[in-house]
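Notes follow once the structure below has been shown.
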Amino acid sequence: MRGTTGLWGRAAALATVARAGRPPYPVRMPRILVTRPIPEAGLALLFPRVTVDMSPGPLSPAEIARRADGCSGILCQLTDSIGPDILEVPGLRVVATMSAGTNHIDLAAAKRRDIVVTNTPGCLTEATAELAFALILAAARRLGEAERFLRAGRFRGWDPMLLQGQTLVGKRLGILGAGRIGQEVARMARGFRMDVVYHSRSAEPEFEKECGARAVTREELASTADVVSVHVPLTPETRHAVDAAFLARMKPTAVLVNTSRGPVVDEAALVDALRHKRIFAAGLDVFEDEPAVHPGLMERENAVLLPHIGSATFETRNRMAVMAAENLLAVLEGRPPGNPVLH
Ligand code: DGY
């Protein structure tokens, strides 16, 4: 992968410039594994200060364990399953994930091995909330279906009965999990004059004041919201939080959107609800078994499906790469990292 052009070339050139002025004798830098290419802004921080082994593409857990041998740090992604085998690599001190979610890392095993784990919360709030809102609009107004209709050459002119969807203005938004992203979606919903209810682990009085939001039970949220937007992290308690019973409570005109983690929604139950029109539509950016998508979802016109792009804006991915690199360097250089999950 190393060359004079492309990501490696540009990052290596930056590193050369950054190294100029360093002592002329060899300095032994810690080695780190970057499990797949990341934005240049992050690499530019790493190159002058650590020896980087960057994989050109995704690695299996066994490959990560093999390539991490001799590394003090791993900069990983949510697609990397970081289990005990990897965490037992001798000399490993830090796992810095370029994600807010940490469900792909065995935190208990990391704690046992005294390995610092860091993540990148906060910087992806707006991008993910924007995507959630895009999905809310797309699902409510049947945008995917309408575009497929037009591209298939079926548009014969304006039709009073064509592709009617659900109005959002004045309707009720139910936020499941009022963390940073859930709250940001609610802020955006105010522009649509939506009434906001939420269900969360803790009460959020500031949020209630700012957005006029009201805390409700899961049951009330499911049965009264016109749009349910899911923002809980994946934990054993939240797996299938949206299950057949939750879906059965939802209004037949309601829309479900998930931009958190796929397994929070029982996909088979959702397919059933969509197939029998028990809810109006769903917008999903995440899936139970990514990159696989339930075949029943693929065939549903009333499902808008995206390839996990919640944080995929140039600005956000650059910030995530910088944060992950800064966290990793802080640990290796003996400073407290900005975003410890465990330390
Ligand atoms: C995260 O960081 O957890 C997001 O899912 C990435 O888009």
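The values are calculated or read from the model by the stated rules, or taken from the named source; none is laboratory data. Treat the numbers as computed from the prediction; the structure is a model and nothing was measured. Virtual Cβ from ideal backbone geometry, glycine too; neighbours counted across all protein chains shown. Just the protein is used for accessible areas: all its heavy atoms, side chains included, with ligands, DNA and RNA removed. Shrake-Rupley method; radii C 1.70, N 1.55, O 1.52, S 1.80 Å.
Summary of values
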{"read-out": "Label-to-label distance, nm, for residues given as residue 88 and residue 289 (7 Å Cα→Cβ offset)", "value": "2.8"}
{"read-out": "Gyration tensor (alpha-carbon) shape descriptor, the chain, a/c threshold 1.5", "value": "prolate"}
{"read-out": "Largest-first ordering by accessible area, 1.4 Å probe, given options 85, 159", "value": "85, 159"}
{"read-out": "Solvent-accessible area of residue 54 with every protein chain in place, 1.4 Å probe, in Å² to the nearest 10", "value": "10"}
{"read-out": "For the range 135-151, Karplus couplings with θ = phi - 60° (6.51, -1.76, 1.60), whole Hz, Gly/Pro x", "value": "5, 4, 5, 5, 6, 5, 9, 6, 5, x, 5, 5, 5, 4, 4, 5, 5"}
{"read-out": "Contour minus Cα-Cα distance for residue 187 and residue 219 (0.36 nm per residue)", "value": "9.2 nm"}
{"read-out": "GNM result for the chain, Cα springs below 10 Å: residue of 60, 260, 99 fluctuating most strongly", "value": "60"}
{"read-out": "Nonlocal amide H pairs with residue 54, under 5 Å, H built at 1.01 Å", "value": "34"}
{"read-out": "Spherically averaged projected area of the range 213-343 from its Cα convex hull (nm²)", "value": "10.1"}
{"read-out": "Per residue, in Å², the accessible surface of the chain once ligands and nucleic acids are set aside, probe 1.4 Å", "value": "48"}
{"read-out": "Estimated vicinal HN-Hα couplings, Hz - the range 242-257 in sequence order (Karplus 6.51, -1.76, 1.60; Gly, Pro = x)", "value": "9, 10, 4, 5, 4, 5, 5, 6, 5, 6, x, 9, 7, 10, 10, 10"}
{"read-out": "261, 239, reordered so the largest accessible area comes first (probe 1.4 Å)", "value": "239, 261"}
{"read-out": "Crossing angle, helix 180-190 versus the chain [Cα axis fit, 0-90 degrees, rounded to tens]", "value": "40"}
{"read-out": "Dipole of the chain [Lys/Arg +1, Asp/Glu -1 at C-beta], most positive-end residue of 146, 166, 279", "value": "146"}
{"read-out": "Choice from 331, 286, 169 showing the highest fluctuation, given a GNM over the chain with Cα pairs closer than 10 Å", "value": "169"}
{"read-out": "Most positive-pole-ward Cα, 92, 322, 221, against dipole of the chain from beta carbon charges", "value": "322"}
{"read-out": "Solvent accessible area, Å² - residue 237, 1.4 Å probe, full protein context", "value": "150"}
{"read-out": "Under the Karplus curve 6.51 cos²θ - 1.76 cosθ + 1.60, θ = phi - 60°, whole-Hz ³J(HN,Hα) for the range 338-343, x wherever Gly or Pro sits", "value": "x, 10, x, 8, 9, 7"}
{"read-out": "Calculated FRET efficiency for the pair residue 180/residue 203, C-beta based, R₀ 22 Å, to 0.05", "value": "0.85"}
{"read-out": "Computed magnitude of the charge dipole of the range 188-235 (debye, nearest 20; Cβ of K, R +1, Cβ of D, E -1)", "value": "60"}
{"read-out": "Most mobile listed residue (134, 254, 281) in the chain, GNM with C-alpha springs under 10 Å", "value": "134"}
{"read-out": "Projected label distance in nm at residue 239 and residue 151, using a 7 Å step from Cα toward the beta-carbon", "value": "3.5"}
{"read-out": "Accessible surface of the range 125-305, 1.4 Å probe, proportion on carbon and sulfur as whole %", "value": "53"}
{"read-out": "For the chain, calculated [θ]222 nm from helices alone, where every DSSP H run of n ≥ 4 adds -39500 (n - 2.57)", "value": "-10500 deg cm²/dmol"}
{"read-out": "q = 0.10, 0.12, 0.15, 0.19 Å⁻¹: log10 I(q)/I(0) that the Debye formula gives for the range 149-276, counting C-alpha atoms only", "value": "-0.36, -0.50, -0.72, -1.03"}
{"read-out": "Residues whose placed amide H lies under 5 Å from that of residue 283, excluding near-sequence neighbours", "value": "256, 257, 258, 304"}
{"read-out": "Other-chain or far-sequence residues with amide H under 5 Å of residue 342's (modelled H)", "value": "117"}
